[in-house]
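Below is one structure, written out as structure tokens; comments come after it.
The values are calculated or read from the model by the stated rules, or taken from the named source; none is laboratory data. All values derive from a computational prediction rather than experimental measurement. Backbone-built Cβ (ideal geometry, glycine too); neighbour counts: all protein chains shown.
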Amino acid sequence: MKPVTTNRPDLCSVILVSDKKDFTRFVEFPYGHYANDEHWVPPLRMQQRDLLDVNKNPFFEDAEMALFLAEFNGKVAGRIAAIHNKGYNRFNDIEAGFFGFFECIDNQQVADLLLKVASDWLKDRGLNIVYGPFSPNMIAEIGILIEGFEFDPSLMMPYNKTYYDKLISSAGFTKKVDLLAFRITDEVVDMDRIKKADDIVKRRMPELHIRDVNLKNIKDEAVVIRDIFNKAWAKNWGFSPVSENEFDHIVKDLKMIIDTDFAQVAEIDGKPVAFSISLPDMNIAFKKMNGSLFPFGIIKLLYHKNRIKQMRTALMGVLPEWQGRGIDIVLHQRGVINGLKRGFKSSELSWLLETNTSMINVAVRLGAFVEKKYRIYEKQ
């Protein structure tokens, strides 16, 4: 598949990113695209480069990716990645491809061409259905925001222009599934209900013990958490097992911001059966840094870090044989109580598949409400 090009500057053209200059243009496009958007949070440029680098990101040990840039009237007008996740296809016995890192001006011609070029690249590899956006997989940012544009995104959650749903739908993509982000605040949390549910679970399972994640032995803890995560999520749509190298890479990035008040492992008779990791919402600090640690970004990061009063429950898993017994409620209860003691005002529980009724019921019982909604699309 060859990129679509044209010599007419008034028409859209798409090029394959093949050198450092175009790679930089791919990374930099969102910073100008959202320059006047009050809710967009600039990601750290060094983190974005690392995420997209097929030689540094362990995800690409079992995946391929091509990056494309769109130009319109001589300027960069959009970008997209085509991703062949081989591990996903083996695990799910499917021939699917993904698009991700989608950004575009409000122009249907540009969007159509970007999505077509990415789809053609995937088709050339024998894949017969496209899902997206995954940037680049489900443990990174996924989905298009379709509700909740009046709020800033939480840490590691996407944000986009309001017209993206229109562009993608008009290009022939349809809804596959929606993802929900719940918000719980100190004003709405139902502590009496949480306490009663917690007491019931502990009476039924007196052998249940909740401990903090051991940051001094984080390497062994990562093995425990990855094992639970892969087993707990195995039947969820969009899942493929996370490799040891991938998980170690994630832990390395998150280690500096994990707070043991909000990171716990549940054990039954000393055996780990569940975990929950909530993270301080560092987007509050990142929003002040314009994507750079230097020269003053580190100072801003340190200044705002200790002033963050909201968090995000980013990772949770319960072994299948222990699901439905309320262990997740006990884990959430610990985080809520610790958060209130620390003066935290709110937490985002995200994301939950709209089909995950058991976890949605847990969120509702906590007093949480849907604040944002994201969409995954598909096209044959």
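Here the condition is being small (Gly, Ala, Ser), crowded, with 20+ Cβ neighbours inside 10 Å, at pLDDT 95 or above and more than 30 Å from residue 290 (Cα to Cα); of 78, 97, 87, it holds for 97 alone. Entry remark, the range 283-298: residues being modelled with pLDDT under 85 and among the aromatic types (Phe, Trp, Tyr) number 2 in total.
Among the listed residues 59, 68, 72, identify the single one that is crowded, with 19+ Cβ neighbours inside 10 Å, under 20 Å from the mean Cα position of the chain (by Cα) and not acidic (Asp, Glu).
On inspection, the qualifying residue turns out to be 59.
Among the conditions (1) surrounded by fewer than 21 Cβ atoms within 10 Å (Cβ to Cβ); (2) at pLDDT 95 or above, residue 102 misses just one, which is (1). Looking only at the range 171-195, residues that are of a type outside the set (Val, Ile, Thr), surrounded by 13 or more Cβ atoms within 10 Å (Cβ to Cβ) and in a helix (DSSP H, G or I) come to 2 in all. I want to confirm something. Restricting to the range 337-351 and keeping residues that are surrounded by fewer than 22 Cβ atoms within 10 Å (Cβ to Cβ) and either under 24 Å from residue 209 (Cα atoms) or not hydroxyl-bearing (Ser, Thr, Tyr) (or both), which single residue is nearest to the chain's Cα centre (by Cα)? The extreme case among them is 345.
For the range 30-45, does any single residue satisfy the condition of being touching a strand residue (DSSP E or B) at 6+ places or on another chain (Cβ under 6 Å) and under 29 Å from residue 246 (Cα atoms)? Looking through the range 30-45, at least one residue is touching a strand residue (DSSP E or B) at 6+ places or on another chain (Cβ under 6 Å) and under 29 Å from residue 246 (Cα atoms).
Once the range 352-380 is narrowed to residues that are within 20 Å of the chain's Cα centre (by Cα) and within 26 Å of residue 122 (Cβ to Cβ), the residue that is surrounded by the fewest Cβ atoms within 10 Å (Cβ to Cβ) is 355. Comparison of 252, 216, 235 shows that the only residue that is surrounded by fewer than 19 Cβ atoms within 10 Å (Cβ to Cβ), out of contact with any strand residue (DSSP E or B) (no Cβ under 7 Å at 6 or more places or on another chain), in the same structural domain as residue 317 (by TED's automatic domain parsing) and assigned to a loop (DSSP other than H, G, I, E, B) is 235.
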